[in-house]
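What follows is a structure written as structure tokens; I'll ask about it next.
The values are calculated or read from the model by the stated rules, or taken from the named source; none is laboratory data. Worth saying up front: this structure is predicted, and the values here are computed from it rather than measured. Neighbour counts run over all protein chains shown; Cβ positions are idealised from the backbone, glycine included.
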Amino acid sequence: MLRVLYPRKPPIRDRNDFRDEIINLSDLIACAPAVVGKNFVRCVIRGHGQIKFQNDVIHCFCAMQQQNIVNVATGQNITGAVLIIKCSFVECYFDVSIIGTPGDTAELQGGVEIVSIAEWNKRYAGFDRASLY
């Protein structure tokens with residue numbers, strides 16, 4: 001029997017670039033509940049919990065479900081959410097709740113398409129997402 005050794009990949013939280021991957025939110029955070037300076041292309045961002053887009057976040061041609069948008073009143077403290085700072089998302093699917101004030105979420109909805117995961121998978125059928133659920 002031949003044994004194949006693969007190079008060890010660094011933990012997800014230590015990488016900066018992701019392409020065609022399913023990313024669990026819990027794998028992205030280390031000690032602090034923040035994701036800073038990472039780039040995602042055609043990824044599914046999923047997990048329990050909520051994210052809050054903070055500073056310099058770019059999202060182009062991304063999608064999510066309407067039920068994953070959580071509005072909080074302006075001026076209300078947001079606690080427990082993972083902060084997303086200086087990250088870019090291109091053709092990604094957010095399978096995680098995104099929290100923010102009505103102004104934040106209106107801006108988000110202006111740049112993120114509201115579709116089901118099934119519809120999104122049809123568009124990017126070349127990437128095997130059988131392990132999604």
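Please go through the range 12-27 and give me each residue that is closer than 16 Å to Tyr93 by Cα and in contact with a helix residue (DSSP H, G or I) (Cβ under 7 Å, 6 or more places away or on another chain), ordered by number.
Ile23, the sole residue that qualifies.
Counting only residues that are among the β-branched types (Val, Ile, Thr) and not in a loop (DSSP other than H, G, I, E, B), which one in the range 83-103 is farthest from Asn121 (Cα to Cα)? Full working, then the answer.
Residues of the range 83-103 among the β-branched types (Val, Ile, Thr): 84-85, 90, 96, 98-99, 101.
Subset that is not in a loop (DSSP other than H, G, I, E, B): 84-85, 90, 96, 98-99.
On the way: Ile84: 24, Ile85: 27, Val90: 15, Val96: 16, Ile98: 20, Ile99: 24 Å.
Among those residues, the one meeting the criterion is Ile85.
Here's something else I'd like to know. Would you say Val36 is modelled with pLDDT of 90 or more, touching a strand residue (DSSP E or B) at 6+ places or on another chain (Cβ under 8 Å) and more than 15 Å from Val82 (Cβ to Cβ)? Break it down into steps so the answer makes sense when it comes.
Working: modelled with pLDDT of 90 or more: yes; touching a strand residue (DSSP E or B) at 6+ places or on another chain (Cβ under 8 Å): yes; more than 15 Å from Val82 (Cβ to Cβ): no.
Judged against the criteria, Val36 is not a match.
In the range 102-114, how many are farther than 19 Å from Phe61 by Cβ and either surrounded by 16 or more Cβ atoms within 10 Å (Cβ to Cβ) or small (Gly, Ala, Ser) (or both)? Talk me through it step by step, then tell me what you get.
First pass over the range 102-114, keeping only residues farther than 19 Å from Phe61 by Cβ: 102-104.
Subset that is either surrounded by 16 or more Cβ atoms within 10 Å (Cβ to Cβ) or small (Gly, Ala, Ser) (or both): 103-104.
Of the residues in the range 102-114, 2 are farther than 19 Å from Phe61 by Cβ and either surrounded by 16 or more Cβ atoms within 10 Å (Cβ to Cβ) or small (Gly, Ala, Ser) (or both).
Follow-up question, since we're still on this one. Return yes when Ala106 is part of a helix (DSSP H, G or I) and of a type outside the set (D, E, K, R) and no when it is not.
Working: part of a helix (DSSP H, G or I): yes; of a type outside the set (D, E, K, R): yes.
Criteria met by Ala106.
Using beta carbons and a limit of 7 Å, which pairs, at least six apart or on different chains, have the first residue in the range 10-27 and within 12 Å of Cys87 (Cβ to Cβ) and free of Cβ contacts under 8 Å to residues at least 24 places away in the same chain and the second one of a type in the set (Gly, Ala, Ser) and assigned to a loop (DSSP other than H, G, I, E, B)?
Asn16/Gly37
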